[in-house]
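Q: First the structure, which I've put down as structure tokens, then a few questions once you've had a look.
What follows is calculated from the coordinates using simple rules that are stated; it is not laboratory data. All of these numbers come straight from a predicted model, not from anything done at the bench. A quick note on method: Cβ atoms are made from the backbone with ideal geometry, for glycine too, and the neighbour counts reach across all protein chains shown.
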Amino acid sequence: MLRRTIARMALVAIAGLGIAMPNASRAEDWKSTVKEFRVGILGGENTADRLKKYDGFQRLLQEKLGIPVKLFPAADYAGVMQGIAAGQLDAASFGASGFAGAWLDCKCIEPVVVPQETDGSTYYYSVMVTRKDSGIDSIEKMQGHSLAFADPNSTSGYLIPSATLKSKGIDLADGKYFSRTGFAGGHEQGVVAMLNKQYDGCVTWTSGQGDIAEGYSRGNLHSMVAKNMLKMSDVNIIWQSGKIPNGPWAVRIAMPADFKKVFADFMLDLPKSHKDVYDAVEQGSGVGYVPATMDLYKDIIELRASEKRGGRS
């Protein structure tokens, strides 16, 4: 009897003292199933530049997780989307349209964090750019000229500008309005093709905030100015979209919940603890990340779904 009483008292004491203990053990539970973390990197720049940009990020995240972190740069957006759907990748930084497309394909990913701009906003813009020496300073003057889109799965590099042009009654079929259209393979490639006169105009993305001479505060134009690939004085911005939600960092839904929490905490802390790494990954001077929800992307998902249906609403 005495032994049973003592045993019951011991169990009660353990339960009382161990309220936080199961949580502490669960914090490491994901390590029994997650042996490596595979991160997809979208196309848009040459592979060497993309890997260099993520070098510090990879090392820090590997140190934080205590497991190998592997980077997989894809030739285009579809490569990352397909990798996520097939379970060959665990996470990626998406544009809003790429995320929407991947979610529609597999319903297997969820947003974790979204980049936040210096004014607290979580959006950016698509812009159409032409060479200053072309004399093309409006969409009307683009009629009869060629236009480069970035990638069919890019929000700012295709989805938003194409939808906007169609809403204006502009037929994108070659020769209907533009002499021709095409996909350059990424944002940087599109601007380079425009500068090299392979196309008369291109679409790309920008924060739309900050000094225009620097390509604004964040985005492809900013990155190209920083790499001395572009002078803003050599180009015209002839069109700007409405606000587009910044694309999220997203992970596969099947990843353990405690792992997703560790990853989200790492991302939220990154701009404060290692701002140089954050700036390299995010291409500019945003202030950090905030938690992301599906609500932020519901309009983009519906736009992608409508496009998939052939434009039927």
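Q: Condition first: farther than 21 Å from ILE244 by Cα and part of a strand (DSSP E or B). Now tell me which residues in the stretch 168-223 satisfy that.
A: ARG180, THR181, GLY182, listed by residue number.
Q: Step by step: first the residues of the stretch 224-239, then only those that are on the phi < 0 side of the Ramachandran plot and assigned to a loop (DSSP other than H, G, I, E, B), then the one that is surrounded by the fewest Cβ atoms within 10 Å (Cβ to Cβ). Which residue is that?
A: LYS227
Q: What number of residues within the stretch 38-66 satisfy the criterion of being part of a helix (DSSP H, G or I), in contact (Cβ under 8 Å) with a residue 40 or more places away in the chain and in contact with a strand residue (DSSP E or B) (Cβ under 8 Å, 6 or more places away or on another chain)?
A: Qualifying residue count, the stretch 38-66: 3.
Q: Sticking with this one: Report yes if ALA254 is at negative phi, small (Gly, Ala, Ser) and touching a helix residue (DSSP H, G or I) at 6+ places or on another chain (Cβ under 6 Å), otherwise no.
A: In short, no.
Q: Let me ask something else. Does the stretch 67-82 contain any residue that is of a type in the set (D, E, K, R), touching a strand residue (DSSP E or B) at 6+ places or on another chain (Cβ under 8 Å), surrounded by 14 or more Cβ atoms within 10 Å (Cβ to Cβ) and in a loop (DSSP other than H, G, I, E, B)?
A: no
Q: Quick test for you: out of ASP174, ASP200, pick the one residue that is free of Cβ contacts under 8 Å to residues at least 12 places away in the same chain and more than 23 Å from ASP49 (Cβ to Cβ).
A: ASP174
Q: Considering the stretch 123-143 alone, what residues qualify as being assigned to a strand (DSSP E or B) and either surrounded by fewer than 17 Cβ atoms within 10 Å (Cβ to Cβ) or out of contact with any helix residue (DSSP H, G or I) (no Cβ under 6 Å at 6 or more places or on another chain) (or both)?
A: TYR123, TYR124, TYR125, VAL127, MET128, VAL129, THR130, ARG131, listed by residue number.
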